[in-house]
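These notes are about the structure you will find just below.
The values are calculated or read from the model by the stated rules, or taken from the named source; none is laboratory data. What you see is a predicted model, and the numbers here were worked out from it, not measured in a lab. Here the Cβ positions follow ideal geometry from the backbone for every residue, glycine too, while neighbour counts run over all protein chains shown.
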Amino acid sequence: MRRKRIAAGMLVLAVLMVASAAIGLTLFFGKQTAASAAGVPNKDVQLASPLQPLIYLEGRIEQGVECGCRFLVTVDSKWYELWGDLEGFTCGDEVAVWATVCSDCFSICMQGRIVLVQDIAALPPTPTPTPVPTLTAASPVGGIAQLPDVSDSSGRNYIHLSGLAAAALVALTAGAWYARRRRLG
């Protein structure tokens, strides 16, 4: 059973190699070890490509979906898979990377473009700007309006008038009740 799986894998590999050679692609084959899965680079692999120009990228190193995949996420949210020596930088570090784009490489990570790291350096921490106080116009505030305190005696006059009107209403109501009772009586 194991020999059949190995034979099937070799057949797929042979077809992949022939197909890639027919269209002019270069394949990169690597062996994943416990060290490479933990992010320890293999210094024996030469990743420099003289055909591709160097590009400069800044961003934060992030862990990919697959085990061992390391990515650089730039400020404009572009993802670049990092291949090569990360020189001890780990996930969460802000770095500057000089790399070449590897358009002929394949990866199991399948997130973003693959770049071959040529050099990597830590970014200096971004300085926090000093807050500058700004003067703004007073904004309207909602709520219940309260009447101002008035010191003149006009308020007392209205209180007396309303009390007099209430007494007159009571007297009229009592008189009407009394008259009705006498008439029906």
Is there a residue being under 26 Å from the mean Cα position of the chain (by Cα) and modelled with pLDDT of 90 or more anywhere in the range 39-56?
yes
Of the conditions (1) among the basic types (Lys, Arg); (2) modelled with pLDDT under 85; (3) under 25 Å from the mean Cα position of the chain (by Cα), the single one that residue 70 does not satisfy is (2)
Strands (runs of 3 or more DSSP E) fully within the range 52-110 counting 2 or more residues that are among the aromatic types (Phe, Trp, Tyr)
79-83
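Matching residues to (1) of a type in the set (Phe, Trp, Tyr); (2) within 15 Å of residue 56 (Cα to Cα); (3) crowded, with 17+ Cβ neighbours inside 10 Å:
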{"position": "73", "(1), (2), (3)": "no, yes, no"}
{"position": "78", "(1), (2), (3)": "no, yes, no"}
{"position": "82", "(1), (2), (3)": "no, yes, yes"}
{"position": "88", "(1), (2), (3)": "no, no, no"}
{"position": "106", "(1), (2), (3)": "yes, no, no"}
{"position": "110", "(1), (2), (3)": "no, no, no"}
